[in-house]
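Written out below as structure tokens is the structure these notes cover.
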Amino acid sequence: MATALKRVRGLGSARSGTETFWRQRVTAVANIPLVIFLILAIVTHIGADYGMMRAFIARPLVALAFLALIISAAIHMRIGLKEIIEDYVHGGAKVIVILLATFFAAGVGLASIVAILKISFGS
Amino acid sequence: MGDAKLAANRPLSPHLSIYRPMLTMLMSIAHRITGFGNAVGFLLLAWWLVAIAAGPEKYAVVSSFFGSIVGRTVLFLFSWGLIHHMLGGIRHLIWDTGHGLDKTSVEIFALATIIGSTVLTILVWLVGYWLKGAF
């Protein structure tokens, strides 16, 4: 018989306890200032030419904020997409669609990170 | 118990189509839709960043898209979705502390999210056009 304590120690059926719940909250809190930064960064650069835009993103603090946003948002997005998929897709298809969502989050996240690193350090 | 046929025929609790649409319910759906929309927006952000890294020619292509009517409409919806999901998320974070779960607060939060996100989005765009020198 599994007592409540035993279930808690075993961290539930998924063996990860409230990890996903908590991670979604941590990234949500992080996303608030980072999204405000993104909106301000874009609004203040409307009409900026290529050189100005690139120089802005290459600034260390700006690059840092962009990287933080991308990592936090990608994790938040992966959890959210999985949540949606689990409600509407069932059986074997669910596994495939969640895999695709994971690859999508990793793909757009990594592409963005490589772009920012290239803007910062590359030519 | 455990019989597959019985499991398949078991009664289900009423679903979305049974209930009269309510503001709080629509807000829950809106939070999900805007969350999904933001995923599409993330793709646009990645495209924009990759284009900046790739050079002026690639950036010109992205710029002309975002400058077009279609591009601006997509960006407007993305900014609205982003702000709406952020305000809706703050509402959820408040609920996580155990506060604001009474009927009145929930209705106020719903209205605050709709009105707040719409006003803020329009404000952001007005400031953007103003900085650009449109007026």
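What follows is calculated from the coordinates using simple rules that are stated; it is not laboratory data. Only a predicted model underlies this, so the values are computations on that prediction, with no experimental measurement involved. Ideal geometry is used to build each Cβ from the backbone, glycine not excepted, and the neighbour counts take in all protein chains shown.
General observations
- Dipole of the range B:24-132 [Lys/Arg +1, Asp/Glu -1 at C-beta], most positive-end residue of B:Ser117, B:Gly67, B:Phe42: B:Gly67
- In Hz, Karplus ³J(HN,Hα) per residue of the range A:52-63 (6.51, -1.76, 1.60; θ = phi - 60°; x = Gly, Pro): 5, 4, 5, 4, 5, 5, 6, 4, x, 5, 5, 4
- About the centre of its Cα atoms, the protein assembly as shown shows a dipole size close to 480 debye [charges on the beta carbon of Lys, Arg (+1) and Asp, Glu (-1) only; nearest 20 debye].
- Estimated dipole of the range B:24-132 in Debye, rounded to 20 [Cβ of Lys and Arg +1, of Asp and Glu -1, Cα centre]: 200 debye
- The range A:83-114 versus the range B:44-71: alpha-carbon centroid distance in Å: 25 Å
- Test item: B:39-51 mean partner chain Cβ contacts at 10 Å: 6
- The alpha carbon convex hull volume per residue for the range A:79-123 rounds to 55 Å³.
- Take each residue in A:109-116, count the other chain C-beta atoms within 10 Å of its C-beta, and the mean is 5.
- Span-like helix ranges in chain B, DSSP H, alpha carbon extent 24 angstrom or more, Kyte mean at least -1.0: B:23-54, B:69-96, B:103-132
- Counts of other chain beta carbons within 10 angstrom of each beta carbon in peptide A:67-78 average 2.
- Semi-axis lengths (Å, descending) of the ellipsoid that matches the C-alpha gyration tensor of chain B: 39, 23, 13
- Each Cα pair under 8 Å and six or more residues apart adds its sequence gap; the mean of these over the residue count of the range B:24-132 is a relative contact order of 32 percent.
- Size-normalised alpha-carbon gyration radius of the range A:15-121, reference 2.2 N^0.38 Å: 1.27
- Arranged from fewest to most other beta-carbon atoms within 10 Å of their beta carbon, A:Arg25, B:Arg20 become B:Arg20, A:Arg25.
- Rounded to the nearest 500, the helix-only mean residue ellipticity at 222 nm of the protein assembly as shown stands at -28000 deg cm²/dmol, with each DSSP H run of n ≥ 4 adding -39,500 (n - 2.57).
- For the range A:110-121, the Karplus equation 6.51 cos²θ - 1.76 cosθ + 1.60, evaluated at θ = phi - 60°, returns couplings of 5, 4, 5, 5, 4, 4, 5, 5, 5, 5, 6, 10 Hz by residue, with Gly and Pro reported as x.
- When the alpha carbon gyration tensor of the protein assembly as shown is reduced to an equivalent ellipsoid, its three semi-axes come out at 38, 23, 18 angstrom, largest first.
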